[in-house]
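The values are calculated or read from the model by the stated rules, or taken from the named source; none is laboratory data. All values derive from a computational prediction rather than experimental measurement. Positions of Cβ are backbone-derived with ideal geometry, glycine not excepted, and every protein chain shown enters the neighbour counts. Just so you know, the surface numbers come from the protein's heavy atoms only, side chains and all, with ligands and any DNA or RNA stripped out. Shrake-Rupley method; radii C 1.70, N 1.55, O 1.52, S 1.80 Å.
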Amino acid sequence: MDQITTSLAPPTRTSQKPAATGSTSDVASSVTKRLSSELMTLMMSSSPGISAFPRSDANLFDWVGTIEGPAGTIYGGLKWKIAIHFPANYPYAPPVIKFDTPCYHPNVDINSGAICLDILQDKWSAVYSVQTILLSLQSLLGEPNNASPLNPDAANIWSKPDDFKTQLMKHYRPIAE
Amino acid sequence: MSAPPLYQQVAVQWSNAFLHLNRDEPGISGLISFAEAWRLIKDFLRPRDLSSPKRESDFNMATIRAAAEIITQCEMLLVLQDDFMDAVRIHLHLITQDIVQLMQQYEASSDAQHVAKLVARLSEWYNAWIPLEDLGESMLNAYNLAFQTHVYSVLPSSFTRGFRALVTLTFNLAQESTGAEWLFTIFPKPNNPSVRIDKPLWDAFHLLGLSERYDSLISSVCYEYVEAYIVKTCAGKWDEPKLNTIRDWMVNRIVPWMLLPFAREAKTAEDAKSMLQGVGSRLDFHVCKTLADLRTNEIFDIIVDYPDSTNALKDLKECLARVDQRSHLVQTLRKANKRRLLHPGADTKDILAQYVSIIRCLRMVDPPGVLLFKVADPIRQYLRSRPDTIRCIVASLVGDGESGDSLVDENEPIQPLQQLQAEDYSDPDWEPEPIDAGPDFRTSKPSDVISTLVSIYDSKELFVKELQVLLAQRLLTISDGNYDRERRNIEILKIRFGEAALQVCEVMLRDMTDSRRTDQHVQAQKSTVLHPTIISKHFWPALQSTVFKMPGQFKQLQEIYAKEYTTFKPDKRLLWLPHLGTVKLDVELDDRTVSADVTPLEAAFVELFSSKDTWTVTELLAEVGNVDRTAALKAISTWLNLGVLKEVAMDQYKLLNVAEADVYGSGSRLPAPAPAEDELPPVVTMQQQQAEQMQVFWKFIEGMLTNLGQLSLDRIQGMLKFAPGYDRNVDQLAVFMEAARREGLVTVRDGLWRLNK
């Protein structure tokens, strides 16, 4: 069901927003241009452990990302797939990001994959990019914000790494090739 | 009893026979005269041995004829013929002896003389035994048959060889009457000077049926003679038309010769003409074939010699119209090209030149261009694989040939590039494709050479890009501000490639002139020794990005200039590319002043020495930025040679404020450094650009395979549209992926590609 909601929800948004911002084609083309250049930057940056790419060549608004757990943290050596969806008024609104691979983490909803990260909500700014979001997510893995947990259980046992690791591995599913 | 008794039948037969032989003569006088005639004829016809002493000829021809008359009247000719033939057969062994003996001599010596003797001897035998004409044709035929059958059955196979030699001899006899004088002792020259001297020989051949039996052999001797003549007179001579000369020669020398072997029975010239027609046209075909073969084998060199070999090509064209050797020509030329042209040892320039010659030559031989299409294909493919082909073509486009001979004919009018056009069937002059055109043959209307060259590549964009690179190189080397030549070139190229394609070049050229104007303006505000060329970054091909900074005074100069420039053009900013400049420098030292034209790096180094006397290479490099160490050493060596610096320790240099006495003597200075190879293109070549581009595309492929798992080639191709400037087709992508697989970056299974982990 998660899958369906994520793919169905955004189009309703896109249909609402452009009316408020003005000429549809202008906006679409400028967003496309922005996304293309972000993709180019991301491809050329070669930051280790983070990567993303459009899901298909027909739609530049729907991306798949890959995040590797930062080395030296409890998440080290593991990989997660995330789904990134850009709204039609991007970058004035943040992209919607969810974990496709279940991620046992204080700030991630284990069922829906929803993420609680300030820059993806109220702290969003147009100067952020896919790359900065991915980097933030990567660092979030190692340094959770236990003050506003989406997964209270995880937040509770964060201080006990052995228990946490057990829970993490219980939920983790390796990415199928 | 129905049948008469036997004796009665015998009696009837007897009386009939008697009446028949006796004719209506009284008594038995008829019978007696017949018996007399029979004896006489038989004696006359008896085959005699030529070697036995000749009997006095006691035959009275009149009585012989009378006797023949009687035999004919008695209808006994057939009986006589059988009788005669039996006698001939019995005596044939005499001939066999002669044949065996003479042929043995020939085989031992290989001298055609013996064959001639044999022919003469055989005619003697033949004439000696020939039956009387009055005895009728049937007897003559039977005799001929028996005689010839026997002779042919006895003649050894070596006779053909001898006969061939004998016939070959007649060519020279018929023409210059030199050669074997012995022939005339065997076959005396005819008394009548208007008769050909070899006529007796040919008569003997005819008599013995040899010319008929060895008809094809005589023809082949003739062919060989003609072939030898053609090869002798035409091989390697391409500057004059040969076909007509040969045809004249045929008419003057070969046709008269042919009269005897092939038109013997001709009574009039008309007769002879019609008799020679068949053999003559076959011979003409043979001439064309021989010449075509010869020229085909020489074709590569003929093309090399073009345009001096134009006449040879015209001959070839005429010959090819008569004999179908086109595929042979194509094969030969392709083979020659492969062996002599399309190998790593040949210069691209030379290959192009030869290709252009091939185009011109084959157009002449075959205007529709089928031959050219077939021959050109491998050349074009090979040229496509050469990295510097485009550069060579472009260089020749702008007439940059160092040797001076441009591929383009100066007289050829400049015209726009021609695109391949679909066939226009409404054209009243439309012609179907030639019959030997392949399925992928494209009707190329005779277009100009440059169009053909440009069409080696699929798009002319490649050329335009390379043109820009070339133009950039040339513009940057011009120091006297004279851009007329470049302007002219660009105007020419505009005609070929169209205005739009050359817009960028226009901008580049305008940059140069604008720079001068800007410079004049800045100089007017604040006079300075710095004269930069200001180029628009977006319109120029990628220049090798500079990495070093100019120190000291130079830096100040640059800053001052930049400030003035910004005042002049507030919306623009200068980005210095110091390595492209030159510096005219006076180095003032304590005891002397050294003047030199140096590269900016050299100038930068000497500038640094003005602040401190001793530097190590590493220190110098740290000051100017990231410069290649070899380049730095080269720059230092310039000053070493000028005696400004001195190496005091390993990698450590000291400024010589006072000139040092040259300890080694002035002659031992290092030779002036050879001009460095890397001086030429400061512009990134197309090839490097492509490699860089491929790097970008690879990042994209890596990105998509990381996130999307395994993908098919088509999906990768589709996804790559996100990569800016991606213009490869799926085949090129396949090649690229295959290369990545070999490097172990990706794996493929069932057509799906994935990253190798």
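Counting the residues of segment A:49-60 that are more than 10 Å from every other protein chain (Cβ to nearest Cβ) and over 15 Å from residue B:707 (Cβ atoms) gives 0. Scanning segment A:148-159 for any residue that is under 19 Å from the mean Cα position of the chain (by Cα), away from chain B (no Cβ under 14 Å) and either open to solvent by 50 Å² or more (accessible area, probe 1.4 Å) or closer than 28 Å to residue B:757 by Cα (or both) turns up at least one such residue.
Elements of the type helices (runs of 4 or more DSSP H) sitting completely within segment B:553-661 and holding at least 1 residues that are at pLDDT below 80 and open to solvent by 30 Å² or more (accessible area, probe 1.4 Å): these cover B:617-624, B:629-641. Starting from residues that are of a type in the set (A, V, I, L, M, F, W, C) and outside any helix (DSSP H, G or I), keep the ones in segment B:116-141 and report whichever is modelled with the lowest pLDDT. Only one residue fits best here, namely B:132. Residue count for segment A:35-55, restricted to those that are open to solvent by 40 Å² or more (accessible area, probe 1.4 Å) and not in a helix (DSSP H, G or I): 3. Taking the stated definitions as given, is residue B:311 open to solvent by 30 Å² or more (accessible area, probe 1.4 Å), under 11 Å from the mean Cα position of the chain (by Cα) and under 15 Å from residue B:237 (Cα atoms)? Here the answer is no, as residue B:311 does not meet what is asked.
Within segment B:92-114, one or more residues are over 58 Å from the mean Cα position of the chain (by Cα), over 30 Å from residue B:189 (Cβ atoms) and in contact (Cβ under 8 Å) with a residue 40 or more places away in the chain. Scanning segment B:725-749 for residues that are within 13 Å of chain A (Cβ to nearest Cβ) and open to solvent by 70 Å² or more (accessible area, probe 1.4 Å) turns up just one, B:749.
In the condition set (1) facing chain B (nearest Cβ under 10 Å); (2) assigned to a helix (DSSP H, G or I), residue A:64 is compliant with all but (2). In segment B:709-724, of all residues being open to solvent by less than 40 Å² (accessible area, probe 1.4 Å) and out of contact with any helix residue (DSSP H, G or I) (no Cβ under 7 Å at 6 or more places or on another chain), the one that is farthest from the other protein chains (Cβ to nearest Cβ) corresponds to B:712.
Conditions tested, residue by residue: (1) open to solvent by 20 Å² or more (accessible area, probe 1.4 Å); (2) modelled with pLDDT under 85.
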{"residue": "B:243", "(1), (2)": "no, no"}
{"residue": "B:246", "(1), (2)": "no, no"}
{"residue": "B:293", "(1), (2)": "yes, no"}
{"residue": "B:296", "(1), (2)": "no, no"}
{"residue": "B:299", "(1), (2)": "no, no"}
{"residue": "B:315", "(1), (2)": "no, no"}
{"residue": "B:321", "(1), (2)": "yes, no"}
{"residue": "B:324", "(1), (2)": "yes, yes"}
{"residue": "B:337", "(1), (2)": "no, no"}
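Of all the numbered requirements in (1) surrounded by 14 or more Cβ atoms within 10 Å (Cβ to Cβ); (2) more than 24 Å from residue A:167 (Cβ to Cβ); (3) within 12 Å of chain B (Cβ to nearest Cβ), residue A:92 misses one, and that requirement is (3).
Among the charged types (D, E, K, R) and within 34 Å of the chain's Cα centre (by Cα): is that true of residue B:486 in this structure? Answer is no for this residue.
Checking B:67, B:62 one by one, the residue that is crowded, with 17+ Cβ neighbours inside 10 Å and free of Cβ contacts under 8 Å to residues at least 40 places away in the same chain is B:67 and no other. The residue list A:76, A:69 contains one member that is open to solvent by less than 30 Å² (accessible area, probe 1.4 Å), under 26 Å from residue A:157 (Cα atoms), without any contact (Cβ under 8 Å) to a residue 60 or more places away in the chain and away from chain B (no Cβ under 12 Å), which is A:76.
Residue by residue, here is whether (1) at pLDDT 85 or above; (2) in contact with a strand residue (DSSP E or B) (Cβ under 9 Å, 6 or more places away or on another chain); (3) closer than 18 Å to residue A:53 by Cα holds:
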{"position": "B:686", "(1), (2), (3)": "no, no, no"}
{"position": "B:700", "(1), (2), (3)": "yes, yes, yes"}
{"position": "B:709", "(1), (2), (3)": "no, yes, yes"}
{"position": "B:717", "(1), (2), (3)": "yes, no, yes"}
{"position": "B:723", "(1), (2), (3)": "no, no, yes"}
{"position": "B:726", "(1), (2), (3)": "no, no, yes"}
{"position": "B:738", "(1), (2), (3)": "yes, yes, no"}
{"position": "B:743", "(1), (2), (3)": "no, no, no"}
